[in-house]
1. Residue 45 to residue 168: extension gain in nm, 0.36 nm per residue of separation minus the Cα-Cα distance?
2. I want to check the label-to-label distance for residue 95 and residue 301. Put each point 7 Å from Cα in the C-beta direction and report it in nm to one decimal.
3. Take the Cβ-Cβ distance between residue 274 and residue 317 as r, set R0 to 25 Å, and report the resulting FRET efficiency rounded to the nearest 0.05.
4. Mind giving me the FRET efficiency for residue 453 and residue 58? R0 is 51 Å, r the Cβ-Cβ distance, nearest 0.05 is fine.
5. From the Cα gyration tensor of segment 371-474, with a ≥ b ≥ c the square roots of its eigenvalues, which class applies: rounded if a/c is under 1.5, or else prolate if a/b is larger than b/c, or else oblate?
6. Students often check this: by mean Cβ neighbours within 10 Å, which of 389-399, 43-53 ranks highest, and how do the rest follow?
7. For the peptides 240-247, 85-92, what is the packing order when you average, over each peptide's residues, the other Cβ atoms within 10 Å and list the highest mean first?
8. Roughly how far apart, in whole Å, are the Cα centres of segment 194-232 and segment 9-79?
Amino acid sequence: MNFLKTYKLPLFFTLVCCFLYWSFTYGLDRSDFIKLITLYGALFILSWQLIKFLGHQFWVLAGIGIVFRLIAFPSIPNLSQDFYRFIWDGRLLVQGVNPYLFTPEQFINNVPPKTLLSSWSLDSWFAITMHEADTLFKGMGSLNASHYSNYPPVNQLCFAIAGFFSGKSILGSVIILRIITILADIGILYFGKKLLEKLQLPTTTIFWYFINPFIIIELTGNLHFEGVMLSFLIWGLYLLHQKKWFWAAVLIGLSISVKLIPLLLLPVFLNYFIKKNTVIQNEAKCNEESQELKKKIPLGITKLILFYLVIIATILITFAPFLSSVFIKNFTTTISLWFQNFEFNASIYYIIRWIGFKTVGWNIIGTVGKILPIIVILFLLGISFFRKHNTTQQLITGLLFGITFYFLFSTTVHPWYVATPLVLSVFTKYRFPIVWSALVMLSYSAYEADGFNENLWLVSIEYTVVILYAMYEISNSQELGSEQLPKSL
């Protein structure tokens, strides 16, 4: 009775959230934007209140986060079609077929690439097309079906696990994929808590990831695998903080083999190894009796090179079973499409595109899509060489700035992409990604009952608020990357 009396308000909020998640999962069509944004807004506010009320009850909040995820456990995703492609690739892998060598469209039309005819009989080809292919093909949509798979090998392994254990059941595959995403989030919670403790930061902040409705809806509900990528990344950062650089490199390599995004951030580690080395050496010279401090001196440039080599080796090992000239051609062609063909929920690119229409009269994505990655690389190199990364928190802040800059200059920013800056922000003093996670769902206004039509006013509101809040936080910072925590959020 005392428990109910003490926690009656957070308990009420939890029950209301359960009802709202149920309604979101089982009673919502993606085209009903008003209902979507209303439910999401209510969930976000109530989750905020739960963190405020139960911040000192770590495992209670953890249990609530798991309960929220289990509500969606037996459901089919209602905001994304990508899971059909996940199941497609997994089914092919279980049957020993390389999913990188052809598109689902080629498969359905019985037009196997010449590279497969040498090792396959047509009977085998037609037998596989009969295995749920039509349902999965229609489910993923023509755009997805017309392109080669761009999901790296560890991600494909998850798809194969679902294909192996689910038999011919699509729902069975969805449930297994959901189990994987939930376990990944639990891993982020566990290692995130340990890293926060090592950094002497409040462990409560991890719940801005773990019970954030954005994460529960996009990763658990809609089966996007950013959580699996981030679980390896956070685990790796924790081990790196512990000076276990070899296993940290292995885990970061695995993270890249789930989603390629962390590959962009590798230059940011440079200053962490080299300047951290100089700082500790100077401290050791000033205190010659401190043998423990001397033991902590890393190898500097040598260890950095080894760190990168282990990451590259891990990536190559995971890709090895699929490597061929055809795979490299198909994979790189598909990746380049994200820079030169696809447009969604962009920010700075949309401004550049508007200028292009006004000056030359057509969409200049083909040209701009080649230039923007160069700008991003130059920015990453700039913060890698000139920004202080003497501490783990400063390193993670650098990673946060790097990934944020990349997304601001991207032509395509799907909502679930924001999971990366969100989880990184937990270990820094910056909270603008939390604001972003609240506003990014405005992008779903583009999905209407009669087709796709992006509302650029809502997109501008999303990025204007996020950028202004980020500028406010940076301007109020005494030093980028300092250990001070924010008072807001």
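The values are calculated or read from the model by the stated rules, or taken from the named source; none is laboratory data. Remember, predicted model here, so these are calculated numbers, not experimental data. Cβ: placed from backbone, ideal geometry, glycine included. Neighbour counts: every protein chain shown. SASA here: full protein model, heavy atoms, side chains in, ligands and nucleic acids out. Shrake-Rupley method; radii C 1.70, N 1.55, O 1.52, S 1.80 Å.
1. Between residue 45 and residue 168, full extension yields 40.3 nm more.
2. 5.3 nm
3. 0.40
4. That pair, residue 453 with residue 58, gives E of 0.70.
5. Prolate, since a/c reaches 1.5 and a/b exceeds b/c.
6. So the peptides 389-399, 43-53, ranked by packing, come out 389-399, 43-53.
7. So the order, starting with the most tightly packed, is 85-92, 240-247.
8. 15 Å
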